[in-house]
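Chemist: Handing you a structure now.
The values are calculated or read from the model by the stated rules, or taken from the named source; none is laboratory data. Model, not experiment: these values are computed from the prediction. Heads up, the Cβs are rebuilt from the backbone with ideal geometry, glycines too, and the neighbour counts pull from every protein chain shown.
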Amino acid sequence: MKRMGKTITAALASAALISMLAACGGKAETGKQGSQASPGAAAAKPVDISITTITFNASPSSDLAGFQEVDKKLNVKLNVNYIPANNITDKLNALLASKDLTDVMFVEDLSYTPAYATALDQGAFWDLTPYIKNYPNLAKYPENIWENVKYKGKIMSLPRVRPLDGQNSMIIRQDWLEKLGLKAPTTLDELSKVMEAFTKNDPDGNGKNDTYGAVFMGAPNPALPYYMFGTGNNWTKDAGGKLIPDWWTPQYKDAIAYFAKEYKAGTIMPDFPVLKSTQVPEMLAQGKAGIAFVNVIDAYNRTVDLQKSNPQAKFTAYEVPKAADGKTHYNQSSGFYGQMFISKKVSEEKLKKILEVYDYTASQEGYNLISYGIKDKDYKVQPDGSIVQTDEGKKQGYPDTNQWLSGYYNKYQRAEIVGIPADVKEYNHKLIDAITPNSIPDPTYGLPQTEAYKEKGADWNKKRYDMITNIVIGKNTLDDWDKFVKTYQQDASFQKHVQDTNDNYKQKTSK
Amino acid sequence: MRQSTQSALKRSEALAADAEASRVRTAGKRLGGWPEALKRDRYLYLLILPGLLFFFIFKYVPLWGLLLAFKNYSPFLGFWESDWVGLKYFREFFTSPDFGLLFRNTMAISFLNIVFFFPVPIILALLLNEARLLMFKRFVQTVIYLPHFLSWVVIVGICFLLLSQGTGLVNNLIVQHGGKPVPFLTEPGYFWAMLTAQSIWKEAGWGTIIFLAALAGINQELYEAAKVDGANRWQQMLNVTLPGIKSTIIVLLILRLGQVLDVGFEHIYLMTSSPVSSVADVFDTYVYRLGIQNGRFGYATAAGIFKSVVGLVLVVAANRLAKKFGEEGLY
């Protein structure tokens, strides 16, 4: 099968070559546009580009038609080395230790492989700051993502972009709201009332008192929507402009107090402390709870689950209620998963070629070519814009071929899915648009983990999670919380952690 | 009378001398001729070789990794490049503010396990041994073996379905009969009992196998002799069956003591939640959190060594004790 694929590929590739010979130069002028014609240079030798990246499946082949198409188009020879996800950290460290770096290196998270941060400091990778603006598709990534990916104020890597928003939203049983004649809550008080009604007024109409207002995951960590209260995203600035953990803020205490009150009133599923992440969707699908704080797209996903047994049931995603200050608050995600570093060993000429490849694959056309193969042969585009792989395409083994790309930014990725009805999609897109202006980034994105955190972080987190959960279920009081926060504010190694984080942050933001 | 005793004594002395001589002979033969013995029984030694290699390669060679406990091991630097830290990790481990709590929880869970779990397979085996219908015995055996093949994930999941407050079957019944839901899974007071009960449910059936094998090895003539002496079923069990499996029980108990600080990471980790964490945090979960999650392999190794040393001391002590009371023991 593979051999046949190769023959077809070769035939296609030569056809492509003929058709593009005039248009495609060996050395494009990277100064202005990614792949502009440069007549006369067509005979130049293809540039070899070696790339190391992650894979979550078996390593895909580099001989796929989509790759060859890109090779021909940009006159390069792509050679991708895939590392299975479960030992990526060890392997990355080993590659660095043996000085065996490829031209482009994927790094999942600098805090997992701090050795790469050291190498960065030593100048092992290209500073991309002056180049990005010349590549229109890359330059189109949102400014926030470029900010988050910066290392000590410089763009040292290409982010593998992901949407910034859509992971924070409130989904509600629309059919329950309608049955009880209620409106979706826009304030915390209204949220309390809706939760109470969902708990006590038998919204599913089965005559039994067996429903709850909301369901939250509690194990291994209590995933409550603290952000809704305006706590800041992971770290926030105090009055003096110093970064402090979000859980030191009074808003965070308000959040705990609010959920403790609700738990006591019985409107939160009582199994909260033991519910794991996979059990939350189960509870929603069983019609046990009417509200959850999850991804925008989960409203549709849970509706599909529910309608298997109850065709009337429907979840709708909403903005989260306003905090006491009258504003809606959201956390922004980092906007990328993993970074691509370019080795300083490559010449500037080659660097530009590499960026050209990344610019091309940051367009939808280039992205699809690497991710799915040849259009209308390996994949088809549905009328609503979604992509469906053909049988031929599935045989080629394309999964994970796009792991080495930085990709293109799709703001609505967490709001859509294959098969979603057009009206829901449009509604979700509008919701994302409403969320975006109110979401704030985590100031510590891209910072290395502090030594103190590396040593004790897991234990600190566990103790905090235990305390929060125990306050919510009423085993501890809010006074205990004050004492808890004070202990950490006075703990020497936690102080060091906060201080180092502040220092790292200053280093990152100082230009 | 006196004469006959004297001659008997002489005879026995002669016999003892004979035995002594023969012992010296065989010992001399063994000492002098081990290459010969090796050659003679070479196929037997060849047969044992894979087993020896297995223990050497997989059990003894990795022991050098214990050195990690004395190093600030970084996988990036490699073993030899990592710094020596001496007893730092041991000191940190023993002076940790959580040490007392961890020790209490671990010992309590282990102790409950030995007191309540350990006798259950013995009692079950004795009951099965008394079953009159072979079919019935086989059926019961099959049923009680089954839970052993379920993983802890499944068992904890079943427990959740039965006992959770919001959706659990048991609590639904309690509420229907006008009671208040009981927080089985989140009440620290129930946690240890819960763990022990789950262990019994899962492993007690499987544990009967070894005792049933020991029961099968008891000489049937002893039962017949007991019957002739007029012993009833109960007396037969007390005076024939139990003494017959006593040495098996003691060996298993000694082995069990060796694992007194291993309380089943997977089981406890799955059952842990914030409300019960004050009674559920044990050495294993602590090591996982501070050693593995934070990548401090040296620290995790130091804690592992501590557990092994405690286990070894208990095994040796229990073995001594068993021998003192005239039992065979392990070695």
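Chemist: Considering (1) within 14 Å of chain A (Cβ to nearest Cβ); (2) within 17 Å of the chain's Cα centre (by Cα), say which one B:Ser273 fails and leave the rest.
Modeler: Among (1) within 14 Å of chain A (Cβ to nearest Cβ); (2) within 17 Å of the chain's Cα centre (by Cα), B:Ser273 violates only (2).
Chemist: What tally of residues in the stretch A:298-343 results from selecting those that are in a loop (DSSP other than H, G, I, E, B) and touching a residue at least 24 places away in the same chain (Cβ under 8 Å)?
Modeler: Here the count works out to 16.
Chemist: Could you check B:Phe283 against (1) crowded, with 17+ Cβ neighbours inside 10 Å; (2) within 12 Å of chain A (Cβ to nearest Cβ) and say which number it fails?
Modeler: Only one criterion in (1) crowded, with 17+ Cβ neighbours inside 10 Å; (2) within 12 Å of chain A (Cβ to nearest Cβ) is unmet by B:Phe283, namely (2).
Chemist: If A:Gly290 satisfies every condition in (1) closer than 30 Å to A:Val107 by Cα; (2) small (Gly, Ala, Ser); (3) within 14 Å of chain B (Cβ to nearest Cβ) but one, which is the exception?
Modeler: (1)
Chemist: Okay, next question. Return the residues of the stretch A:260-287 that are within 13 Å of chain B (Cβ to nearest Cβ) and within 27 Å of the chain's Cα centre (by Cα); say none if nothing qualifies.
Modeler: Those that are within 13 Å of chain B (Cβ to nearest Cβ) and within 27 Å of the chain's Cα centre (by Cα): A:Phe272, A:Pro273, A:Val274, A:Leu275, A:Lys276, A:Thr278, A:Gln279, A:Val280, A:Glu282, A:Met283, A:Leu284, A:Ala285.
Chemist: Return the residue satisfying two criteria in turn: it lies in the stretch A:236-257 and is crowded, with 21+ Cβ neighbours inside 10 Å and among the aromatic types (Phe, Trp, Tyr), and of such residues it is farthest from A:Tyr330 (Cα to Cα).
Modeler: A:Trp247
Chemist: Name the pairs: first residue in the stretch B:316-331 and over 15 Å from B:Ile249 (Cβ atoms), second residue assigned to a helix (DSSP H, G or I), Cβ to Cβ under 8 Å, at least 6 apart or on different chains?
Modeler: B:Tyr331/B:Asn319
Chemist: A further question follows. So in the stretch A:344-386, with the set limited to residues that are in a helix (DSSP H, G or I) and of a type in the set (Gly, Ala, Ser), which one is surrounded by the most Cβ atoms within 10 Å (Cβ to Cβ)?
Modeler: A:Gly366
Chemist: Touching a Phe, Trp or Tyr at 6+ places or on another chain (Cβ under 9 Å), loosely packed, with under 14 Cβ neighbours inside 10 Å and in a helix (DSSP H, G or I): does that describe B:Leu38?
Modeler: Yes; evaluated as a whole, the condition is true for this residue.
Chemist: Can you find, within the stretch A:215-235, the residue that is surrounded by the fewest Cβ atoms within 10 Å (Cβ to Cβ) among those that are in a loop (DSSP other than H, G, I, E, B) and of a type in the set (A, V, I, L, M)?
Modeler: This residue is A:Ala223.
Chemist: Tell me whether the stretch B:152-165 contains one or more residues that are part of a loop (DSSP other than H, G, I, E, B) and within 14 Å of chain A (Cβ to nearest Cβ).
Modeler: Yes, the stretch B:152-165 has at least one match.
Chemist: Across the stretch B:166-179, what is the total count of residues that are away from every other protein chain (no Cβ under 11 Å) and either outside any helix (DSSP H, G or I) or in contact with a Phe, Trp or Tyr (Cβ under 9 Å, 6 or more places away or on another chain) (or both)?
Modeler: 4
Chemist: In the stretch A:262-281, which residues are assigned to a helix (DSSP H, G or I) and either in contact (Cβ under 8 Å) with a residue 40 or more places away in the chain or in contact with a Pro (Cβ under 9 Å, 6 or more places away or on another chain) (or both)?
Modeler: Those that are assigned to a helix (DSSP H, G or I) and either in contact (Cβ under 8 Å) with a residue 40 or more places away in the chain or in contact with a Pro (Cβ under 9 Å, 6 or more places away or on another chain) (or both): A:Glu262, A:Tyr263, A:Lys264, A:Ala265, A:Phe272, A:Pro273, A:Val274, A:Gln279, A:Val280.
Chemist: So, in the stretch A:80-109, of the ones that are hydrophobic (A, V, I, L, M, F, W, C) and in a helix (DSSP H, G or I), which residue ends up nearest to the other protein chains (Cβ to nearest Cβ)?
Modeler: Here the answer is A:Ala97.
Chemist: Looking at B:Phe191, B:Phe184, which is the one that is within 30 Å of A:Lys288 (Cα to Cα), within 13 Å of chain A (Cβ to nearest Cβ) and either modelled with pLDDT under 90 or in a loop (DSSP other than H, G, I, E, B) (or both)?
Modeler: Selected residue: B:Phe184, the only one of B:Phe191, B:Phe184 that is within 30 Å of A:Lys288 (Cα to Cα), within 13 Å of chain A (Cβ to nearest Cβ) and either modelled with pLDDT under 90 or in a loop (DSSP other than H, G, I, E, B) (or both).
Chemist: So, restricting to helices (runs of 4 or more DSSP H) that lie completely within the stretch A:399-511, which ones have at least 3 residues that are more than 14 Å from chain B (Cβ to nearest Cβ) and under 25 Å from the mean Cα position of the chain (by Cα)?
Modeler: A:422-435, A:492-509
Chemist: Of a type in the set (Lys, Arg) and modelled with pLDDT under 90: does that describe A:Lys483?
Modeler: Against the criterion (of a type in the set (Lys, Arg) and modelled with pLDDT under 90), A:Lys483 does not qualify.
Chemist: Ok, one more. Among the numbered criteria (1) part of a helix (DSSP H, G or I); (2) over 30 Å from A:Pro273 (Cβ atoms); (3) out of contact with any Ser or Thr (no Cβ under 9 Å at 6 or more places or on another chain), which single criterion is violated by A:Gly181?
Modeler: (1)
Chemist: Could I ask something else about it? From the list A:Ala184, A:Ala223, pick out the single residue that is among the small types (Gly, Ala, Ser), within 30 Å of A:Tyr505 (Cβ to Cβ) and in the same structural domain as A:Tyr465 (by TED's automatic domain parsing). If you could, list the steps in order and put the result at the bottom.
Modeler: On the way: A:Ala184 fails: within 30 Å of A:Tyr505 (Cβ to Cβ).
The unique qualifying residue is A:Ala223.
Chemist: So, B:Thr142, is that one part of a helix (DSSP H, G or I), of a type in the set (S, T, N, Q) and touching a Phe, Trp or Tyr at 6+ places or on another chain (Cβ under 6 Å) or not?
Modeler: When the stated conditions are applied, B:Thr142 does not pass them.
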